[in-house]
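The values are calculated or read from the model by the stated rules, or taken from the named source; none is laboratory data. Quick caveat, the model's predicted, so the values are computed rather than measured. Cβ placement follows ideal geometry from the backbone for every residue including glycine, while neighbour counts extend to all protein chains displayed. What goes into the accessible areas is simple: the full protein's heavy atoms, side chains included, and nothing from ligands, DNA or RNA. Shrake-Rupley method; radii C 1.70, N 1.55, O 1.52, S 1.80 Å.
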Amino acid sequence: MARYLKRGATSGQRSETDRSIRTVVETILADIETRGDAAIRELSIKFDGWDRDDYRLSAAEIQACIDAMSPQDLKDIEFAQKQVRNFAEVQRASISDVEVETIPGVVLGHRNVPVSAAGCYVPGGKYPLLASAHMSVITAKVAGVPRIVTCAPPFKGKPANAIVAAQALAGADEIYALGGIQAIGAMALDTQSMLPVDMLVGPGNAYVAEAKRQLFGRVGIDLFAGPTETLIIADDSVDGELCATDILGQIEHGPDSPGILLTNSESLARDTMREIERLLEVLPTADHARKAWEAFGEVIVADSYAEMVALADEIASEHVQVMTRDPDYFLANMTNYGALFLGPRTNVAYGDKVIGTNHTLPTRKAARYTGGLWVGKFLKTCTYQKVLSDEATTLIGEYCSRLCGLEGFAGHGEQANIRVRRYGGLDVPYAGIVTPSAKTRVDA
């Protein structure tokens, strides 16, 4: 039986915050839809203190941001982007178009068609999260999306050099210095200055996530996202300092980011809790991390690996770092997670920044039914069918007609019957249903 040495906030407490955010976002999106660019400009001034006639960056402004980066910074960005591109290309190669003749004369297939336009949001108000540009833009490019729009908020009163450079090097077609709900609304709704996209991707704060949720259906989205989550699964093969570092390294995202330790060692659990308190005294981002730990941190002691797997699947965390003697046990047995980081030599920051897997991942238990952003999210798997012979359409048509009769769809049935008459030469009355007694050949 698992024991909780520390518990986080309840779902009821989170729901109250969610309701407040929903109302704000709904009002703002309605204003953007009504007033277009005028509303976007007012919102940018209000929330970011950022006013321009045109929020799209010019080629000269983009080049100036790239030129402001040091050679080493550019090399580091290019290295990270190469890793993301390499893995995305492997993923794309795994997705195949298919065509098969299922019965003589009947050909079925599907094609994987990229969406026509994707809008990629890159967070940057608190931290300039340039890695999100790699994850979204490069993945869309490899998928074959022909138009890629990016939005990122200004950082300290101007476009963030690192984000703009990352967006440009990744291959974005349009780059806007625009953040928050106004950026999401501008990309999804038909404003005067920006053509709407077909799909929105990328992480963001609670307001950005809610804006994407409310716009889902009008446009596609990558996934429903909440605050960054991390789950550390560990046994006594590692120490509390390592576990504490890896928890704090993720919950510094913000005061609502859950961080959980799940272990079968009470000694490790208590050591980790002590180390968290020690590190919070020296961590530069301790303000956010402490609030997150106090409100949403949890420490769970389980009896066995099997119980740890069951609890981890129930938690369904965005990031799951496994530091045990047998990490592959969790790879083989876990089913609900955004991404796994196996062994003490890897960590979530590698996945966030450079290793090559995508860091836009499901939160709030969405890992029960979806994975994270990948090349396949930008592709529509579209089916087609061909019937090549009179015999095949007659065979399929007779079955179709009878099945339509079971459902009472006379019009559907006639679509089948007319082909049975024309290509099969069977005497089937208009809107009639093919029956064995009706299978009489029409005299030539």
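For segment 349-376, a tally of residues being touching a residue at least 40 places away in the same chain (Cβ under 8 Å) and open to solvent by 50 Å² or more (accessible area, probe 1.4 Å) returns 7. Of all the residues in segment 98-133, those that are more than 30 Å from Ala162 (Cβ to Cβ) and in contact (Cβ under 8 Å) with a residue 60 or more places away in the chain number 11.
With respect to Glu89, determine if the residue is out of contact with any Asp or Glu (no Cβ under 6 Å at 6 or more places or on another chain), surrounded by fewer than 16 Cβ atoms within 10 Å (Cβ to Cβ) and part of a strand (DSSP E or B).
Details: out of contact with any Asp or Glu (no Cβ under 6 Å at 6 or more places or on another chain): yes; surrounded by fewer than 16 Cβ atoms within 10 Å (Cβ to Cβ): yes; part of a strand (DSSP E or B): no.
No; evaluated as a whole, the condition is false for this residue.
Selection over segment 26-81 of residues that are over 20 Å from His134 (Cα atoms), charged (D, E, K, R) and under 25 Å from the mean Cα position of the chain (by Cα) gives a count of 2.
In segment 263-290, the residues that are under 15 Å from Ile247 (Cβ atoms) and of a type in the set (Ser, Thr, Tyr) form Cβ pairs under 8 Å with partners that are modelled with pLDDT under 95 and open to solvent by 50 Å² or more (accessible area, probe 1.4 Å), at six or more places apart or across chains, as follows: Thr285/Glu252. Considering the conditions (1) under 30 Å from Ile28 (Cα atoms); (2) of a type in the set (S, T, N, Q); (3) open to solvent by less than 30 Å² (accessible area, probe 1.4 Å), Ser317 is excluded by exactly one of them, (1). Of everything listed in (1) touching a Lys or Arg at 6+ places or on another chain (Cβ under 6 Å); (2) open to solvent by less than 10 Å² (accessible area, probe 1.4 Å); (3) small (Gly, Ala, Ser), the single unmet condition for Gly171 is (2). Scanning segment 175-192 for residues that are under 25 Å from Ile66 (Cα atoms) and either in a strand (DSSP E or B) or open to solvent by 10 Å² or more (accessible area, probe 1.4 Å) (or both) yields Ile175, Tyr176, Ala177, Gly180. Checking each residue in segment 387-432 for being free of Cβ contacts under 8 Å to residues at least 24 places away in the same chain, part of a loop (DSSP other than H, G, I, E, B) and within 46 Å of the chain's Cα centre (by Cα) picks out Gly408, Phe409. Would you check if Ile21 is assigned to a helix (DSSP H, G or I), out of contact with any Phe, Trp or Tyr (no Cβ under 7 Å at 6 or more places or on another chain) and more than 30 Å from Leu262 (Cα to Cα)? So Ile21 does not fit the description; no.
Being β-branched (Val, Ile, Thr) and under 17 Å from Gly372 (Cα atoms) is the filter here, so list the residues in segment 307-343 that pass it. Can you show your working first?
Filtering segment 307-343 down to residues β-branched (Val, Ile, Thr) leaves 309, 315, 320, 322, 324, 335.
If the condition is that a residue be β-branched (Val, Ile, Thr) and under 17 Å from Gly372 (Cα atoms), then Ile315, Val320, Thr335 are the ones that fit.
Within segment 339-348, can you find the residues that are over 21 Å from the mean Cα position of the chain (by Cα) and either open to solvent by 20 Å² or more (accessible area, probe 1.4 Å) or at negative phi (or both)?
Within segment 339-348, Leu342, Pro344, Arg345, Thr346 meet the criteria.
When Asp48 is tested against (1) crowded, with 18+ Cβ neighbours inside 10 Å; (2) over 18 Å from Lys156 (Cα atoms), only condition (2) is not met. Scanning segment 378-426 for residues that are of a type in the set (A, V, I, L, M) and touching a strand residue (DSSP E or B) at 6+ places or on another chain (Cβ under 8 Å), we see that the one that is most open to solvent (accessible area, probe 1.4 Å) is Leu388. So which residues in segment 215-254 are open to solvent by 20 Å² or more (accessible area, probe 1.4 Å), farther than 19 Å from Leu361 by Cα and either of a type in the set (Gly, Ala, Ser) or out of contact with any Pro (no Cβ under 7 Å at 6 or more places or on another chain) (or both), if there are any at all? Once the filter is applied, which keeps residues that are open to solvent by 20 Å² or more (accessible area, probe 1.4 Å), farther than 19 Å from Leu361 by Cα and either of a type in the set (Gly, Ala, Ser) or out of contact with any Pro (no Cβ under 7 Å at 6 or more places or on another chain) (or both), segment 215-254 yields Gly217, Arg218, Asp236, Ser237, Asp239, Glu241, Thr245.
Among the residues of segment 47-86, what is the count of those that are assigned to a helix (DSSP H, G or I) and at pLDDT 95 or above?
Taking segment 47-86 and keeping what is assigned to a helix (DSSP H, G or I), we get 47-48, 59-67, 71-86.
Restricting the remaining residues to those that are at pLDDT 95 or above gives 59-67, 71-86.
Adding up the residues that qualify gives 25.
Picking from residues in segment 203-214 that are open to solvent by 40 Å² or more (accessible area, probe 1.4 Å) and not in a loop (DSSP other than H, G, I, E, B), the one that is nearest to Val24 (Cα to Cα) is Tyr207. Between residues in segment 305-321 that are farther than 17 Å from Glu266 by Cα and residues that are charged (D, E, K, R) and open to solvent by 10 Å² or more (accessible area, probe 1.4 Å), which pairs lie under 8 Å by C-beta distance while being six or more apart or on different chains? From segment 305-321, the pairs are Ile315/Lys365; Ala316/Lys365; Ala316/Arg368; Ser317/Glu229; Glu318/Glu229; His319/Glu229; Gln321/Asp246.
Can you name the residue in segment 110-162 that is outside any helix (DSSP H, G or I) and of a type in the set (D, E, K, R) and, of all such residues, is nearest to Arg218 (Cα to Cα)?
Going through the qualifying residues, I end up with Arg147.
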